[in-house]
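One structure is given here, and the rest of the page talks about it.
The values are calculated or read from the model by the stated rules, or taken from the named source; none is laboratory data. None of the values given here were measured: they were computed from a predicted structure. We place every Cβ from the backbone using ideal geometry, glycine too, and count neighbours over all the protein chains shown. All accessible areas refer to the heavy atoms of the entire protein, side chains included, with ligands and DNA or RNA removed. Shrake-Rupley method; radii C 1.70, N 1.55, O 1.52, S 1.80 Å.
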Amino acid sequence: MNTENNSQSSPKISDALDSFVQKFGHVVMWTNGLLIFAIIAQVVLRYGFGRGLVVFEELQWHLYAIGIMFGASYAVTLDSHIRVDIVHANLSEKWRNRWDLFGIFFLLLPFVIIIFHQSLDFVWEAWRLNERSDAPSGLPWRWLIKSVIPASFGLLFLAVISRAIRIIHFLRRG
């Protein structure tokens, strides 16, 4: 769709939301560099010295989770997320936008809202218990990584709302 990043014809609120999400995404993308370092360190320790560390194992899935969870909202702002192109490819641009709007309001937004809402008690309980790794030498503060769930879905909510506003604006302009 050609509705993104066309600042002279796009709603300012969508531009502002997209900019916020993308700036956050540019910061979070550095977790991928840290993830690569953690993977290399674990491989060297395990296969070079015969001793891996639980901390690196857990750090890998923490960093991977951060990248994936926050990366979803970034992908939505760029319209680079995965969709079923079999249906999408055979539609005119107007109907593609309508199809996207249908998917946003009846599939994606309900999913985002449910996950966000359901994660709040889950995260609160982890904070309340000061949850940590089950492994004695694992990472402390498991509540911190669990907090990524509502934070990333909140950011995804903003990205999806921005996308919906942009599509509605595009459809109204014809």
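What are the lysines whose alpha-carbon lies under 25 Å from the alpha-carbon of K146, with same-chain residues fewer than 8 places away excluded?
K23
Quick check on the chain: helices-only [θ] at 222 nm, where DSSP H runs of length 4 and up contribute -39,500 (n - 2.57) each and the sum goes over total residues. Nearest 500, please.
-23000 deg cm²/dmol
Rounded to the nearest 20 Debye, what is the dipole magnitude of the stretch 88-174 about its Cα centre when Lys and Arg each give +1 and Asp and Glu each give -1 at the C-beta?
In total the dipole reaches around 520 debye.
Rolling a 1.4 angstrom probe over the protein heavy atoms, how many square angstrom per residue are accessible across the stretch 56-164?
The answer is 59 Å² per residue.
Quick one: if you take sqrt(5λ) for each eigenvalue of the C-alpha gyration tensor of the chain, what semi-axes come out, biggest first, whole angstrom? Each step should come with its number before you reach the end.
Numbers: eigenvalues 279, 69, 39 Å².
One finds semi-axes of 37, 19, 14 Å for the chain.
Under a Cβ-only charge scheme (Lys and Arg +1, Asp and Glu -1), can you give me the dipole magnitude of the chain about the Cα centre, in debye to the nearest 20?
320
Enumerate the aspartates and glutamates that K12 could reach by cross-link, defined here as Cα to Cα under 14 Å, with residues fewer than 8 away along the same chain left out.
E4
How long are the semi-axes of the equivalent ellipsoid of the stretch 77-174, taking √(5λ) for every eigenvalue λ of the Cα gyration tensor, in whole Å from largest down?
38, 13, 10
So for the stretch 26-85, averaging the separation of alpha carbon pairs under 8 Å that are six or more residues apart and normalising by length, what relative contact order in percent results? Don't skip to the answer; put the middle values down first.
On the way: 35 pairs, mean separation 22.6, N = 60.
Once divided by the residue count of the stretch 26-85, the mean separation gives 38 percent.
If one takes the longest principal axis of the Cα atoms in the chain, at what angle in degrees, from 0 to 90 and to the nearest 10, does the Cα axis of helix 109-128 lie?
Taking Cα atoms only, the helix is inclined about 30 degrees.
Rounding to the nearest 10 and keeping the result within 0 to 90°, find how far the Cα-based axis of helix 54-77 lies from the longest principal axis of the chain.
The angle comes out near 10 degrees.
Output the 0 to 90 degree angle, nearest 10, between the alpha-carbon long axis of helix 148-173 and the longest principal axis computed from the alpha carbons of the chain.
The angle comes out at about 10 degrees.
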